[in-house]
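One structure is given below, encoded as structure tokens.
Computed from the coordinates by the stated procedures, all read-outs in this text should not be read as laboratory data. These numbers come from a predicted model, not from an experiment. Here the Cβ positions follow ideal geometry from the backbone for every residue, glycine too, while neighbour counts run over all protein chains shown.
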Amino acid sequence: MTVEELAAPVAGQRRGEYTVQGVPNEASQGRLCVKGMNAHQHALSGQRLMHPLIRRNGELEPCSWEEAIQTIAERFQDLRDLYGADTVGVYGGGSLTNETAYLLGKFARVALGTKYIDYNGRFCMSAAASAGSKVLGMDRGLTFRLSDIPKAGCIVLAGTNIAECQPTLLPYFNQAKENGAFIIVIDPRKTATAAIADLHLQVKPGMDALLADTMLKVIMDAGLIDPHFIGERTHGYEQMIQGLADLQLEQAAQACGVDLALICQAAMAYGEAETGMIMTARGVEQQTDGHMAVRHFLNLVLATGKIGREGCGYGAITGQGNGQGGREHGQKADQLPGYRSIENEADRAYVASVWGVDPASLPGKGVSAYEMMEKVHDQEIRALLVMGSNPVVSNPNVRLVEEGLRKLDFLIVADMFLSETARMADLVLPVTSYMENEGTLTNLEGRVLLREQGRPAPGETLDDWDILCRIAAQLGKASYFKYDTAEDIFNELRVASRGGVADYYGITYERLRNEKGVYWPCSALEDQGEGLLFGERFAHPDGKAAFTFESSPGWNDISSEFPLILTNGRVLPHYLTGVQTHRSPALAARELENFVELHPATAARYRIHDGEWVEIQSTYGSFTVRSRIKDSIREDTLFVPMHWGGIQNVNRATRPELDPFCRMPGFKTAAVTIRPLRLAR
Ligand SMILES: Nc1nc2c(c(=O)[nH]1)N[C@H]1C(S)=C(S)[C@@H](COP(=O)(O)OP(=O)(O)OC[C@H]3O[C@@H](n4cnc5c(=O)[nH]c(N)nc54)[C@H](O)[C@@H]3O)O[C@H]1N2
Ligand SMILES: Nc1nc2c(c(=O)[nH]1)N[C@H]1C(S)=C(S)[C@@H](COP(=O)(O)OP(=O)(O)OC[C@H]3O[C@@H](n4cnc5c(=O)[nH]c(N)nc54)[C@H](O)[C@@H]3O)O[C@H]1N2
Ligand SMILES: [Mo]
């Protein structure tokens with residue numbers, strides 16, 4: 001069978017009509033965005049995978065689950081005998097439920113004994129997560145409740161396009177505005193989010209750390225810092241300000257590409273406001289200095305004492321459906337459940353005791369997602385299980401990733417669809433969708449929510465966790481993976497996370513049903529969990545928050561050959577690599593193909609007309625998209641959505657350099673050139 005035949009609608013399948021209704025919950029208050037409104041279209045699509053597929057003579061063909069599971073166990077065993085346990089890698093995703101994410105970590109360490117596990121959240125939350133852990137002692141998306149947003153006097157939105165990426169949250173910001181809040185947006189483009197702002201700083205991509213420093217310097221010069229808060233609640237302030245001593249305001253503003261007068265206006269508005277919040281997302285974070293850039297914004301928060309009370313705080317606007325919970329329970333290369341560390345002896349001993357294994361049998365830390373792809377390319381990893389990601393589209397420098405995946409001895413992809421990565425697999429495992437599998441998800445506020453099963457699993461699809469249990473059993477590890485339901489796994493996760501930073505011990509399915517969600521940390525059944533964090537102390541052992549004084553040089557790879565800055569991101573109707581939203585006709589129709597947003601002056605300089613094909617090239621590769629001329633973007637910057645693979649994939653040109661602290665790739669800045677693809681006459 002060909003890929004097209006396999007993807008054809010199931011014969012005789014009836015198409016029903018559906019009405020979609022939002023269920024009121026504390027976060028979205030029942031609002032749905034256009035993607036939520038149409039998500040059933042992909043879940044009910046005829047392109048869903050209904051049975052396992054195995055590659056025979058170069059083609060993917062249907063096979064039974066027995067054959068699939070047996071083949072996996074045999075191939076893993078053979079490769080491990082030849083090359084050792086670390087030859088098998090596991091690559092997870094932030095869309096998986098807490099139960100599956102937890103089990104995937106346990107599966108890698110206990111069933112496979114490999115140190116190589118990481119997940120797509122490395123590209124998403126790692127900079128904000130590592131900065132939050134270092135500065136505040138804890139990484140939880142928002143340090144406040146969503147319902148606190150309308151109480152803020154000033155809100156800084158840096159590199160976050162909430163109007164398109166989290167539209168269901170927009171009413172909180174509109175409410176704040178009605179209450180008199182001053183909203184500042186920092187983005188190289190005049191986005192739909194910038195449209196609600198009182199002030200827009202159209203920053204040059206990659207310069208956020210310096211912009212935050214410049215704002216802080218203005219605030220200090222105006223005497224708007226909070227010495228009492230700094231003295232009582234923080235350390236490192238003196239060293240930090242030494243680092244700012246040499247900062248020349250005019251020069252810094254120029255490097256950021258923003259008028260100094262506007263930066264001063266922003267700084268004064270945040271500094272003078274009684275209450276204020278700063279939020280960042282991938283614009284600031286997906287940089288080779290993403291970790292530091294977030295810490296420089298946190299310097300601003302701490303210096304003005306705007307955290308730990310109503311209307312104040314810092315927030316990393318979380319990405320995927322389970323972007324928060326997915327990063328807490330062991331999918332990361334160096335992590336054990338409850339945000340424990342795989343390098344800490346006490347943490348290893350505790351988790352090993354919960355799992356009933358010898359602590360010495362737990363592997364050490366592995367490497368980050370893109371570095372795993374490098375190891376795949378080097379054939380240090382020869383078998384890979386991908387669950388909940390489409391890495392051949394979403395990694396930076398995808399040419400190397402594609403080459404690497406081709407070299408693998410054995411690639412398994414568990415997915416709902418034949419994604420670009422699944423098409424390359426030796427074995428494809430069909431999984432249940434959000435409508436069919438039960439489990440918990442944790443939202444950006446740290447609120448754990450239960451998603452109940454909405455309809456029976458179609459065809460031969462299985463829940464992800466069930467697949468992991470079957471493989472483990474075939475590998476002779478059944479006794480460590482005995483669960484009948486997702487709730488059984490959750491109950492083990494509660495114990496495994498107990499006493500950790502992300503403590504779920506006090507949360508049960510019953511509570512989640514009755515209370516419609518519970519905040520972590522929650523260490524006891526009667527514990528209400530904490531919505532507003534850090535009222536009295538920060539989560540470090542000494543209770544204090546840490547300033548950083550390391551300056552960040554910013555980014556500049558621009559040359560005469562590659563004179564433009566390529567940045568990238570999202571548009572409203574599509575989701576990530578588009579595997580799901582392209583299969584939703586209502587969404588696909590809104591944006592059929594990829595494009596580049598460029599300024600009219602830039603278009604004129606390169607003789608590009610609106611709507612024509614252009615090629616964009618960096619030192620790493622090139623891709624082809626249609627032009628969209630808009631004066632809402634900086635002249636030196638191009639913006640391309642990330643939702644398409646193949647020759648339209650922006651990641652053909654992004655660069656593989658990683659942040660030294662968190663291994664986040666510098667997705668948001670690449671030096672490129674652009675040319676029209678016009679036939680010469
Ligand atoms: N519609 C839609 N919504 C989504 C998603 C989706 O794919 N589609 N994905 C979800 C996921 S996983 C995530 S992680 C979030 C992402 O949510 P966001 O981070 O808000 O999304 P992006 O569009 O990647 O980037 C945000 C903004 O950063 C700007 N930007 C680019 N470079 C820079 C820079 O150097 N500095 C600054 N200050 N800004 C810069 C871009 O112009 C863009 O407007 O969205 C989630 N929601
Ligand atoms: N250039 C550039 N690249 C980026 C980004 C950027 O801003 N710019 N953003 C990065 C970010 S923030 C992210 S989060 C990544 C995301 O990148 P990917 O991980 O590639 O994200 P998705 O497209 O969501 O791929 C998820 C796959 O899992 C499948 N899936 C969905 N739910 C489930 C499930 O429950 N179980 C299983 N087994 N499969 C499931 C979907 O069908 C899909 O094929 O991309 C990163 N890449
Ligand atoms: Mo993300």
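Here are the numbers:
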read-out: Long pairs among 204/407; 332/668; 177/630; 306/516; 151/516, criterion Cα-Cα beyond 31 Å; value: 204/407
read-out: Full-stretch length increase - residue 484, residue 540 - with 0.36 nm per residue and alpha-carbon distance subtracted; value: 16.4 nm
read-out: Equivalent ellipsoid, the chain (semi-axes from 5 times Cα gyration tensor eigenvalues, Å); value: 38, 31, 24
read-out: Phi to ³J(HN,Hα) by Karplus 6.51 cos²θ - 1.76 cosθ + 1.60 over the range 174-190, Hz, x for Gly, Pro; value: 4, 4, 4, 4, 4, 7, x, 5, 9, 10, 10, 10, 10, 6, x, 10, 7
read-out: Linear extension gain, residue 55 paired with residue 515, 0.36 nm per residue minus alpha-carbon span; value: 160.9 nm
read-out: Label point distance in nm, residue 17-residue 491, each placed 7 Å from Cα along Cα→Cβ; value: 4.4
read-out: Vicinal HN-Hα couplings computed from phi for the range 385-398 (Karplus, 6.51 cos²θ - 1.76 cosθ + 1.60; Hz; Gly/Pro x); value: 9, 9, 10, x, 7, 10, x, 6, 10, 9, 6, x, 6, 5
read-out: Charge dipole (the chain, unit charges on Cβ, about Cα centre) - positive-most of 45, 366, 665; value: 45
read-out: Over the range 393-531, equivalent-ellipsoid semi-axes from the Cα gyration tensor in Å; value: 32, 19, 16
read-out: Principal axis dimensions, largest first and in whole angstrom, of the range 79-145 by Cα; value: 50, 23, 19
read-out: Gain in span if fully extended, residue 678 to residue 360, counting 0.36 nm per residue against the direct Cα distance; value: 108.3 nm
read-out: Two-decimal Rg/Rh across the range 493-593, once Rg and the Kirkwood Rh are taken from alpha-carbon atoms; value: 1.19
read-out: Nearest-0.05 FRET efficiency for residue 247 and residue 601, computed from C-beta distance (R0 35 Å); value: 0.70
read-out: Ranking of 408, 598 by count of other Cβ atoms within 10 Å, fewest first; value: 408, 598
read-out: Förster-model FRET efficiency, 60 Å R0, residue 82 and residue 274, C-beta, rounded to 0.05; value: 0.40
read-out: Binned Cα-Cα distance frequencies in the range 127-316 - 10 Å width, integer %; value: 10, 41, 40, 9, 0
read-out: Cα→Cβ-extended label distance, 7 Å offset, between residue 592 and residue 198, nm; value: 4.4
read-out: Cα convex hull of the range 580-625 - mean projected area over all directions, nm²; value: 4.4
read-out: Interchain or long-range residues, amide H under 5 Å from residue 183's placed H; value: 155, 198, 199
read-out: Stokes-Einstein diffusion coefficient of the range 564-676, Kirkwood radius over Cα pairs, 25 °C, 0.890 mPa s, in µm²/s; value: 170
read-out: Amide H contacts of residue 226 (H built 1.01 Å from N, under 5 Å, at least 5 apart or other chain); value: 304, 305
read-out: Computed helical MRE - 222 nm, the chain, DSSP H runs ≥ 4 contributing -39500 (n - 2.57), nearest 500; value: -8500 deg cm²/dmol
